[in-house]
Amino acid sequence: TFFRGAGYRFAGPDDFLEDPEENCVFLSFDDNYQAWYDALDLLDESGVEATFYVNTCAIRERSSATDIGSYYDRLGYDGPRQPLSSAEIRAIADAGHTVGSHTHSHRKLTAMSFDDAVTDIATGKAELEAILGAPVCHFAYPYGMRRHFDERLRSACQSMGFRTIAN
């Protein structure tokens, strides 16, 4: 209500960038936590549109307990280790939110070989597209610091069809 009272509206990545003069709030969530699904009712009640940048190495029904544990270890996360399921990812999109890619593995892309980084980005995009049955056009790179992303990776992402790249 604070933002609406100040004349802002919540927007997905395309709408947010459409008019730089409009007062918009871009709310995004990175990684892969089942708690996001639990928050859908609150977002809906509040009329808030959000963007969820999802890693695909930890999908509840597709990933082993070891892979899920390694993923949360990589994040340094010691809370509930319950990732989203494919059905929950679809429900997020069906509720009107944007689902974007956050790579497959959530590794520091510039610490990988260029080819491995591109493969990790492409894998995350392809797996989300298979889950959603729709193109995934938005990307956020892990760790959000410019030193973890470079112009070659930006060009590769644009070639893959990503319209926005967030940090």
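The values are calculated or read from the model by the stated rules, or taken from the named source; none is laboratory data. Values in this document were obtained by computation on a predicted structure and should not be read as measured data. Cβ: placed from backbone, ideal geometry, glycine included. Neighbour counts: every protein chain shown. All accessible areas refer to the heavy atoms of the entire protein, side chains included, with ligands and DNA or RNA removed. Shrake-Rupley method; radii C 1.70, N 1.55, O 1.52, S 1.80 Å.
Below 14 angstrom from the Cβ of Gly161, what's the summed charge of the other residues (Lys, Arg +1; Asp, Glu -1)?
Every neighbour counted, the sum reads +1.
Using 0.36 nm per residue of separation minus the Cα-Cα distance, give me the extension gain between Ala91 and Ala35 in nm, one decimal.
18.9 nm
Could you grab the Rg to Rh ratio for the chain? Cα atoms only, Kirkwood for Rh.
Radius of gyration relative to Kirkwood radius: 0.96.
Pop out the carbon and sulfur fraction of the accessible area of the chain as a percent, whole number, probe 1.4 Å.
Within the chain, the accessible surface is 48 percent carbon and sulfur.
Dipole of the chain, Cα-centred, from +1 at each Lys and Arg C-beta and -1 at each Asp and Glu C-beta, to the nearest 20 debye?
520
Quick one: go through the stretch 91-127 and flag any residue whose amide nitrogen is under 12 Å from the point 7 Å out along the Cα-to-Cβ line of Tyr77.
Answer for this model: 106.
Remind me, relative contact order of the chain in percent, using alpha carbon pairs under 8 angstrom and six or more residues apart?
Rounded, it is 20 percent for the chain.
Can you compute the FRET efficiency between Phe114 and Ile165 using 1/(1 + (r/R0)^6), with r the Cβ-Cβ distance and R0 = 22 Å? Round to the nearest 0.05.
Efficiency at R0 = 22 Å is approximately 0.85.
With Cβ to Cβ distances under 15 Å as the rule, what net charge do the other residues near His102 carry (K, R +1; D, E -1)?
Result for the neighbourhood of His102: -1.
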